[in-house]
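The structure appears below as structure tokens.
None of the figures in this text is laboratory data; all of them are computed from the coordinates on show. Note that the structure is predicted; figures quoted are calculated from it, not measured. Positions of Cβ are backbone-derived with ideal geometry, glycine not excepted, and every protein chain shown enters the neighbour counts.
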Amino acid sequence: MGGAPEHVHCHGSARRLILHQRAAGRPRRVARGLLRLLGDRVSFPLTTGAWIPVYDHDSRTFREVGLNEALLAAHRLEFTGRGQEGAVLLRVLLAAFDAAAGPVTYEEWVAAWQAETLDAARITAYLEQWEHRLDLLHPQHPAFQCGALTDFPRDARVLHPSYLGGAGGRMLSEAFRAEEGRFPAWEPGQAARALLVLIGYDVAGIKRAAPGDRTARAGKVYGSHTGAVAQVSHVNIVGRTVKDTILLNLPPQPRRRGDAPVWERTAPAAPMAVRQPVGRLDVLTWPGRRIRLRTDSEGRVDRVARHDGDRMPDPWRQLAEFDPLSLWREGREGGLVPAAITDSHGVLVPWAAARSVLDPDGEEGGTPGYSGVGRHLARILDEGWMADYGPVRVEASATLHTTPHKSVISDVSAELVALGTGGFLTARADRSDLAAAARTADVYLARLRAIVKEVAPAHHPRMADRIDFMPLHGRWEKAAGVLASDPVQGRRLWRADLGAHARQVLEMLPLRLDERARAEVLAEEALPIAEFTGNVTPSHDRLRHLVSPPRRPRTKAPRTGRPTLRALTAYGETKSLAQWAKDPRCQVSYPTLRARAAAMENGQDAESILTTPASRSRRPALPEPAAVIPAPRAALCKGCGMPVTGAISRCEECRAKRVTADWLYRKEIAEVIFSPAKRAELLRRLAGGEALADACIELDLTPHRAHGFAAYDDDWRGQLDDALTVGRDPDLDHGTERAYRYGGCRCPECRTAHDAVSATSR
């Protein structure tokens, strides 16, 4: 931000006059004043202005282009947008091309894929037709904005992505330290990208009511939704050029009646509206906020109006239907729910992103789901249209919110995940192997958690939820690359990585010798995986939730990469186990059906395993003891000779000897329960304004644990007090018992006041 505008356009004689005045050394305000007198205006057409980041393969430079050049020269440009900006810019590129010359059938898609360039004639005609509606600074209908807004109560800081992170996010940016009205203005190209990010990722909660909004209460609107992009996880295929990226992420389909991008629609009124999306173009450019930008005398954006916009009545169902970049899975009660590709710590898991694209239907033993991009890629690969293509990568992203009502964004996790070359992925068996390897990682993690939960000490039952799986993330790409060239070696390498990680986890856990020995025995029996499979059905009593059942003897051709027991023939029909589990004739769940199919002997009736209800047999009764065994004699303490009433001696001499060892043991356990990542997340939540009790519930902690960690870290008390002070409610009267008791504030001043009141009442 700052400096003279590079791509702000003026019109007619006014522009020539401005250039003459600047050449004469006159102040810019004089030129701008002449501009107003002549009735001319400042504009920034998104069709020709520089605002989309690309890499030019001809000039070998990174630069910014407009929509015209991005689409007409798509065969020699590479899209370099990543993260939040990349997600929203790609949606605009997809919508613009789809509206101008999008393929309707796969025959048209193949023709576009094999052509050297995109359809230049149709694209040029379309962008010329709608160029006036793609002007960022148009006085009546500015692009992606609401022209009916004329009051600009906020300065330019609202456009900064850190603004969506609450107080904690703003602490990371020095620009937010500026006073209201002194935030640096945005150049038009930067403002265009920031505007799309704000529309796609804006948080939920209370918004300032737009003029004329009948739903307003005391000047505010309640219950606004998060931006359409921030509601679910997304994946998109990263092509070598803009042309490849657009076609790989745009499944061909006819345009629905009434479906249109936002620039083709009538300018929306200022008040919030609830309406159903019409189709893909509508969802890709969904106007979830009413925003208007105001420029200063230099043509830079310095003020913003922001209000709630269009709301979907059932956003999950409509996004799953129309958004090809979103990820979904089957819910427990039917229907589709957003699929998670992050772990319990909010870190994006690369093999989960790969599996969502390679196995969207859950055929490798996972939960059936839906991915429009995944199914589109499968069709392309099955037809062999990418047999000569180089490396294929996907960019996955997920939005993490600090609070359950999604009023603050804590992070937008994004990562590039390599899948392999187009030639490797063309073979369905090789794709299945890679998807099965990804599913194997999930099986391994579930078993490792079960082992740790089995041997965890009684005083720490949640130790399994705090295992660090980050070391495996970097090893996945290497294993996937080896698997693409040598499947046998790739499997061996991936299993070795999983085993090494298991040993590392078990060695770092604060376990006693007997607990560690038991964990090693369970790991030897449960963790080895002979083949890539998603089957985790129990087979015997000792490790019922850890070990897969015995496999059916192989009677057919050797395995070619796809898992066995995929299909079942019954009632004259052959369907997958997942499909049979949904069939009304099936009386058992999918795990039970898979277990029965795995153990089914030759000649067994397939209909019987479908229709026989599941039953749980009674546990055998324990035999009565033959005789009463006398209690053993009480043990004596080796240090003082006194009888030991519990596990250890309680005499003062022995307790004094154990002080240091006990403190170190408790510190080790505390650091496992309250890991550095948990501590950082707690500080971030508290600085963002979340109450200590709520933050501890979300992180599976207690306030006592949060305060008590100061016994093991001298700096922790100061860090915790600083975060509580930054995020406290400014409307409360701090330093009073009322703020502590009724306001829920736990800042140092309120705690001191509460302690004083408690001391006087005792």
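Measure off 7 Å from each Cα along the Cα-to-Cβ vector at Asp722 and Ser59, then give the distance between these two points in nanometres to one decimal.
In this crude spin-label approximation the distance works out to 4.5 nm.
Can you classify segment 101-172 as rounded, prolate or oblate using the Cα gyration tensor, where a ≥ b ≥ c are the square roots of its eigenvalues, rounded means a/c under 1.5, and otherwise it's prolate if a/b beats b/c and oblate if not?
Here segment 101-172 falls in the oblate category.
May I ask for the net charge around His345, where only other residues with Cβ less than 15 Å from the Cβ of His345 are counted and Lys, Arg are +1 while Asp, Glu are -1?
Values: positive: Arg449, Arg462, Arg466, Lys678, Arg679, Arg684, Arg685; negative: Asp343, Asp411, Glu415, Asp465, Asp468, Glu681, Glu698, Asp700.
Value of the local net charge: -1.
Collect residues whose amide H, placed 1.01 Å from N in the peptide plane, falls under 5 Å from the amide H of Ala273; neighbours closer than 5 in sequence don't count.
Long-range HN contacts for Ala273: Asp310, Arg311.
Whose amide H sits under 5 Å from the amide H of Gly239, counting only residues 5 or more places off or on another chain, with H placed in the peptide plane?
Thr245
Under 1.5 on a/c is rounded, so check that first for segment 665-761, then, if it is not, pick prolate when a/b is larger than b/c and oblate when it is not; a ≥ b ≥ c are the square roots of the alpha carbon gyration tensor eigenvalues.
prolate
What is the distance, in nm, between label points placed 7 Å from the Cα along the Cα-to-Cβ direction at Asp755 and at Arg705?
2.4
Taking H placed 1.01 Å from N in the peptide plane, check which residues at least 5 places from Leu118 or on another chain put their amide H under 5 Å from its amide H.
Amide H to amide H, under 5 Å and 5 or more residues apart or across chains, Leu118 pairs with Ala74, His75.
Thr48: net charge of surrounding residues, Cβ under 9 Å, Lys/Arg +1, Asp/Glu -1, itself excluded? Write out the running numbers ahead of the final one.
Numbers: positive: none; negative: Glu69, Glu131.
Summing Lys and Arg as +1 and Asp and Glu as -1 gives -2.
Mind ordering 64-74, 314-324 by average Cβ neighbours within 10 Å, highest first? Please report the intermediate quantities before stating the final value.
Values: 64-74: 21.7, 314-324: 18.3.
Per-residue mean Cβ counts within 10 Å order the peptides as 64-74, 314-324.
For Asp465 and Asp694, calculate 0.36 nm times their separation in residues minus their Cα-Cα distance, and state this gained length in nm to one decimal.
Residue separation times 0.36 nm, minus the Cα-Cα distance, leaves 80.6 nm.
I need the phi-derived Karplus couplings for segment 75-83: 6.51 cos²θ - 1.76 cosθ + 1.60, θ = phi - 60°, integer Hz, Gly and Pro marked x.
6, 10, 10, 10, 6, 10, x, 9, x
Going by a ≥ b ≥ c, the root eigenvalues of the Cα gyration tensor, does segment 715-762 fall in the rounded group (a/c under 1.5), the prolate group (a/b larger than b/c) or the oblate group?
oblate
Just the Cα atoms of segment 427-535, one point each, no solvent: what log10 I(q)/I(0) does Debye give at q = 0.12, 0.20 Å⁻¹?
Debye output, listed in q order: -0.43, -1.00.
At a 10 angstrom cut-off on C-beta neighbours, averaged per residue, how do the peptides 105-112, 388-395 rank from highest to lowest?
So the peptides 105-112, 388-395, ranked by packing, come out 388-395, 105-112.
Quick check on the exposure proxy: order Lys453, Lys243 from fewest to most C-beta atoms within 10 angstrom.
Ordered by Cβ neighbours within 10 Å, fewest first: Lys453, Lys243.
By the scheme Lys and Arg +1, Asp and Glu -1, what is the net charge of all other residues having a beta-carbon under 14 Å from that of Gly572?
In short, -2.
So which trypsin sites (Lys or Arg not before Pro) in segment 650-710 pass both tests, a DSSP loop state and at most 12 other Cβ atoms within 10 Å of the Cβ?
In loop regions of segment 650-710 (DSSP not H, G, I, E or B), the sparsely surrounded trypsin sites (Lys or Arg not before Pro) are Arg650.
FRET efficiency for Asp731 and Val659, Cβ-Cβ distance as r, R0 = 51 Å, nearest 0.05?
My answer for the efficiency is 0.65.
Just in segment 679-762: which chymotrypsin sites (Phe, Trp or Tyr not before Pro) are loop by DSSP and have at most 12 other Cβ atoms within 10 Å? Intermediate values should be presented prior to the final figure.
Numbers: sites: Phe709, Tyr712, Trp716, Tyr740, Tyr742; in loops: Tyr712, Tyr742.
The qualifying sites are Tyr742.
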